[in-house]
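**Student:** The structure's right below; bear with me while I get my questions together.
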Amino acid sequence: GHLALDRAVELTTLRGGETVVIHAQHGEFERETYLCHLQVATADYQGGEATAGVAKILFRQDGSAVRLDAMSGFTLATATGGHLAAPTGSMDFNEHNQPRHGHLEGGVTMDSIRQNGSQSRHVHGTSPTAELDFTPQGELRHVRLERGVEMHSEELSELAAKTGIGLGDGSLRVSRTWRSPVADMEFREVGHGQVEPATIHGTQGVVITGESQRGKSAVVPSRLAADEVTGEFGPGSVLTGMTGVGHASMEEITVTGTRQTSSGDRLEARFAPGNVPGTEAKSHATNEPGGAAQIQSAVLEGHVVLIQEPSAKPGAPAAAPMRATAGRAVYEGAGQWLRLTLSPRVEDGGLQL
């Protein structure tokens, strides 16, 4: 009825036809309750690893797992560099030992590191709690983060091959930080049992701040905010687009110090990430503002207000800002075009158009 295994415990089981090996320092089995207690446990399976300081596993009569409760530290690591950790967590399983739902709390951290030649990307996220949902095949499909979410990404790439300049001057660094009370992330399959983010949806007020820097030039900051924001990810977890609804605003300071602010009811922005072939060389060669590496194009709709404030030159009076209003505004990073439609009005110093 009771079995205790001490030191170098090894438990082998099958998960969806795959072998899962669990190592622990101590294990106890209760036959009547179908409970297994493990201490300092590590589970190795194809595509990842899970660890827990203290774990309790409830089994069915056929030997399949029903639920896992982990305490004293619970981590999930993937073969592609993903890492998810929390002080406590739980997982529910179906009759085929595939995970159905997970709950993490006590301070969740998420990390992902990708390296591809001269390009690197690091994503770090935090949230007090996380809810995980899986497909019937046991693949992660949805994560809900609540009570204060922060996601920070850092991308670094070398542009020497395209610009012909030195490595130190040719690097492009782009960082973004997402903050929202609530966020939902959807994942998609990329093959071999691996998944990557497809979309992120934030509500109750979302703010995304960013910085871009080319080599040793000045840092170009930007800010995007809205009541509700949806972000889209391309291959390799690269943020490619973002849509904001409700009190949408965008703010950017160019390398020349010009401050540009935009607001409207709805904002749709497309990003040109540093690892898209050709974008870095083109932007550098045309001397576009560093922020163009972040915002490739944008569309503002509904009560659009645009303000451009030139930087003050030493000894010269401050230049009057340019202010424009319209029902719709379209911005294109290539060539720095801004098109206003639906009753546009522009005020630039003494000029009114």
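**Student:** Give me the net charge of Glu131's neighbourhood, meaning all other residues with Cβ under 11 Å from the Cβ of Glu131; Lys, Arg count +1, Asp, Glu -1.
**Tutor:** Once positives and negatives cancel, what remains is -3.
**Student:** If packing is taken as the mean number of other Cβ atoms within 10 Å per residue, what is the order of 58-65, 81-88, highest first?
**Tutor:** 81-88, 58-65
**Student:** If you add up the charges near Ala320, with Lys and Arg at +1 and Asp and Glu at -1, over every other residue whose beta carbon is less than 10 angstrom from its beta carbon, what do you get? Show your work: numbers first, answer last.
**Tutor:** Details: positive: Arg323; negative: Glu309, Glu347, Asp348.
Result for the neighbourhood of Ala320: -2.
**Student:** Would you mind working out the accessible area per residue for the chain, using a 1.4 Å probe, and quoting it in Å²?
**Tutor:** Here the per-residue accessible area is 50 Å².
**Student:** Also, I was wondering about something else. Can you give the calculated 222 nm mean residue ellipticity of the chain, where each DSSP H run of n ≥ 4 adds -39,500 (n - 2.57) and the sum is split over every residue, rounded to the nearest 500 deg cm²/dmol? Present the calculation step by step, with values, prior to reporting the outcome.
**Tutor:** Values: 3 runs with 15 residues, N = 353.
Here the helix-only value at 222 nm equals -1000 deg cm²/dmol.
**Student:** Still on this structure, please answer the following. Counting only other residues whose beta carbon sits under 11 Å from that of Val299, what net charge do I get with K and R as +1, D and E as -1?
**Tutor:** Details: positive: Arg266, Arg270, Arg328, Arg339; negative: Glu268, Glu301, Glu332.
Net local charge, Val299 excluded: +1.
**Student:** Rounded to the nearest 0.05, what FRET efficiency do Gln137 and Val207 give with R0 = 35 Å and r taken as the Cβ-Cβ distance? Could you check?
**Tutor:** 0.45
**Student:** Something else: For Gln336 and Thr240, calculate 0.36 nm times their separation in residues minus their Cα-Cα distance, and state this gained length in nm to one decimal.
**Tutor:** Gain in length upon complete extension: 32.6 nm.
**Student:** Just checking my list (1) 20.9; (2) 23.0; (3) 24.0 against Kirkwood radius over Cα pairs in Å computed from this structure; which label fits?
**Tutor:** Computing Kirkwood radius over Cα pairs in Å and matching it to (1) 20.9; (2) 23.0; (3) 24.0 gives (2).
**Student:** Could you tell me what percent of the accessible area of the chain is made up of carbon and sulfur, with a 1.4 Å probe and every protein chain present?
**Tutor:** Ligands and nucleic acids excluded, carbon and sulfur give 55 percent.
**Student:** Also: Give the average over all directions of the projected area of the C-alpha convex hull of the range 170-261, one decimal, in nm². It would help to have the intermediate numbers written out before the result.
**Tutor:** Working: hull surface 28.5 nm².
Result: 7.1 nm².
**Student:** Go ahead and collect, in residue order, the members of the range 19-35 whose backbone nitrogen is under 17 Å from a label point 7 Å along the Cα-Cβ direction of His96.
**Tutor:** Correct set: 19-20.
**Student:** Here is a follow-up. At 4 °C and a viscosity of 1.567 mPa s, what translational diffusion coefficient does Stokes-Einstein give for the range 64-146, taking Rh as the Kirkwood radius over Cα pairs? Give it in µm²/s as a whole number.
**Tutor:** It comes out at roughly 95 µm²/s.
The values are calculated or read from the model by the stated rules, or taken from the named source; none is laboratory data. For clarity, every value in this text was computed on a predicted model and none was experimentally measured. When we count neighbours, we look across all protein chains shown, and the Cβ atoms used for this are built from the backbone with ideal geometry, even at glycine. Ligands, DNA and RNA are stripped out before the accessible areas are found, and what is left, the full protein with its side chains, is counted by its heavy atoms. Shrake-Rupley method; radii C 1.70, N 1.55, O 1.52, S 1.80 Å.
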